[in-house]
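These notes concern the structure reproduced below.
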Amino acid sequence: MGIQGQNQNPPQISGLPDLVGIQVASEDLCSEKQWNVCKALATFVAHREITKVKLKQITPRTEEEKMEHSVAAERRRMRLVYADTIKDLLANCAIQDNLESRDCSRMVPAEKTRVESVELVLPPHANHQGNTFGGQIMAWMENVATIAASRLCRAHPTLKAIEMFHFRGPSQVGDRLVLKAIVNNAFKHSMEVGVCVEAYRQEAETHRRHINSAFMTFVVLDEDDQPQLLPWIRPQPGDGERRYREASARKKIRLDRKYIMSYKQTEVPLTVPWDPSNQVYLSYNNVSSLKMLVAKDNWVLSSEISQVRLYTLEDDKFLSFHMEMVVHVDAAQAFVLLSDLRRRPEWDKHYRSVELVQQVDEDDAIYHVTSPALGGHTKPQDFVILASRRKPCDNGDPYVIALRSVTLPTHRETPEYRRGETLCSGFCLWREGDQLTKVSYYNQATPGVLNYVTANVAGLSSEFYTTFKACEQFLLDNRNDLAPSLQTL
């Protein structure tokens with residue numbers, strides 16, 4: 001079995017907790033068969049007495065390292081709003097439990113799954129500083145969670161995932177750790193077990209320190225390694241019902257995350273539904289997809305006209321293109337002008353009109369865009385686009401404006417327009433000097449615009465260059481009109 005770890009903390013968030021990616025793989029030495037066991041992202045902080053230690057910046061070198069670094073800040077942004085997302089879901093969504101319609105013969109009271117265990121931290125369980133190994137605490141937590149899960153299913157459960165594993169405080173040699181577990185909710189083929197750990201030093205102590213918590217997902221596999229149906233669970237009134245609803249909310253978030261953030265983009269629908277509960281993951285996917293496209297190092301220079309460069313990339317069944325130019329405009333000014341899609345019709349003839357549908361937050365907005373017909377089609381196109389903008393966190397980082405298609409119930413397809421889609425596109429703006437900015441536009445071509453894109457790439461059309469030069473002129477003409485807007489950046 002092999003274990004790999006890599007620091008993914010981006011330079012822009014140095015001084016904050018370290019983010020380390022971990023992957024565990026196994027190999028059968030006889031058949032030479034290899035397979036992945038699990039992946040995880042762990043966040044570390046360094047302490048010196050009371051204060052935290054400011055960490056050194058690290059420089060990514062390989063393409064993979066650059067991609068991971070570029071999205072680490074967005075992952076942190078997503079983690080920070082996780083609790084708020086749960087609260088919003090519980091406040092705005094009705095959790096359907098259907099307890100009355102379930103088969104009561106296969107229903108287990110949640111209290112019957114409750115498990116409590118006490119472990120004494122001995123020297124072999126701790127490092128040379130006397131602090132308990134995190135892995136040891138995780139092992140104890142898995143033990144009690146497995147017992148709780150087995151009390152529901154009366155079988156041998158298999159751990160599939162761990163969420164929100166949080167070290168709230170340290171423990172040392174000599175501590176007694178009280179581990180508590182209970183099944184929060186049982187779904188059709190999986191169950192969520194909540195685990196918490198409290199620590200105390202002496203038997204007479206009345207105050208216990210809450211040092212760890214986690215949510216573990218278990219399944220029961222049959223002979224074909226397929227998940228079996230599980231009994232229902234009846235939550236206890238009060239806290240039990242709260243845990244039951246929160247588990248349902250976390251399940252929805254997991255489904256959103258799996259659906260939206262698949263690494264296999266060929267299997268992801270071009271357009272995904274938007275609602276407040278999945279907004280954070282759509283925004284994350286929007287920004288990270290663009291950053292990962294930017295980080296690829298196999299772009300090929302296709303042509304150059306009037307200092308406007310066109311690059312192409314053929315990768316994973318997608319044709320992507322990248323336009324680049326340098327303009328005599330400050331990067332912050334260009335960022336404000338280009339991030340407001342309502343102004344794009346002023347320079348891009350492919351944007352006939354733009355309506356701001358919803359200002360999600362300060363950095364995310366949803367627009368309805370109409371465009372003229374392309375490629376011999378008689379109907380004009382329309383798009384519903386999520387625009388996510390991000391300011392740089394450190395010197396050398398770009399301003400980012402990421403665009404992707406979403407669906408809204410208020411803006412469905414109409415006979416008047418042919419609904420278009422964009423999977424990944426947007427701008428990256430690098431400050432090259434005083435009043436000098438490198439403007440780069442990226443687009444992962446979708447079938448609806450592929451003919452138009454290939455015509456420009458093949459040199460049969462120069463519309464890309466005409467449009468990009470119009471963008472440059474727009475930035476130059478409006479660079480002095482932004483004093484109030486720039487004060488907010």
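Within the set Gly426, Gly433, Gly420, the sole residue that is surrounded by fewer than 20 Cβ atoms within 10 Å (Cβ to Cβ) and either in contact with a Leu (Cβ under 6 Å, 6 or more places away or on another chain) or small (Gly, Ala, Ser) (or both) turns out to be Gly433. Going through (1) within 21 Å of Asn286 (Cβ to Cβ); (2) in a strand (DSSP E or B) one by one, Val326 falls short only on (1). Give region 201-244 a look and list any residue that's aromatic (Phe, Trp, Tyr) and farther than 22 Å from Ile162 by Cβ, or say none. Trp232, the sole residue that qualifies.
Checked against the criteria, Arg352 does not count as in contact with a helix residue (DSSP H, G or I) (Cβ under 7 Å, 6 or more places away or on another chain), modelled with pLDDT under 95 and surrounded by 21 or more Cβ atoms within 10 Å (Cβ to Cβ). Within region 413-423, not a single residue is of a type in the set (A, V, I, L, M, F, W, C), more than 17 Å from Ala334 (Cβ to Cβ), assigned to a strand (DSSP E or B) and touching a residue at least 12 places away in the same chain (Cβ under 8 Å).
Quick check on my filter: what residues within region 162-185 are small (Gly, Ala, Ser) and touching a residue at least 60 places away in the same chain (Cβ under 8 Å)? Residue satisfying the conditions is Ala181 alone. Scanning region 381-421 for residues that are within 19 Å of the chain's Cα centre (by Cα) and at pLDDT below 90 gives Pro392, Cys393.
Annotation for region 303-317: no member residue is within 15 Å of the chain's Cα centre (by Cα) and outside any helix (DSSP H, G or I). Can you give me the number of residues within region 352-378 that are farther than 16 Å from Ala402 by Cα, aliphatic (A, V, I, L, M) and in contact (Cβ under 8 Å) with a residue 60 or more places away in the chain? Selection size over region 352-378: 1. Does at least one position in region 275-288 carry a residue that is part of a loop (DSSP other than H, G, I, E, B), farther than 24 Å from Asp382 by Cα and modelled with pLDDT under 85? Yes, region 275-288 has at least one match. Annotation note: of Thr378, Thr437, the sole residue that is over 24 Å from the mean Cα position of the chain (by Cα), assigned to a loop (DSSP other than H, G, I, E, B) and of a type in the set (Val, Ile, Thr) is Thr378.
Filtering region 204-239 to residues that are aliphatic (A, V, I, L, M) and either surrounded by fewer than 15 Cβ atoms within 10 Å (Cβ to Cβ) or outside any loop (DSSP other than H, G, I, E, B) (or both) leaves Ala204, Ile211, Ala214, Met216, Val219, Leu221, Leu229, Ile233.
In region 313-348, the qualifying residues are those that are among the basic types (Lys, Arg) and touching a helix residue (DSSP H, G or I) at 6+ places or on another chain (Cβ under 7 Å), and the one that is modelled with the highest pLDDT is Arg343. Considering the conditions (1) in contact (Cβ under 8 Å) with a residue 24 or more places away in the chain; (2) farther than 30 Å from Lys251 by Cβ, Gln307 is excluded by exactly one of them, (1).
The values are calculated or read from the model by the stated rules, or taken from the named source; none is laboratory data. Model, not experiment: these values are computed from the prediction. Virtual Cβ from ideal backbone geometry, glycine too; neighbours counted across all protein chains shown.
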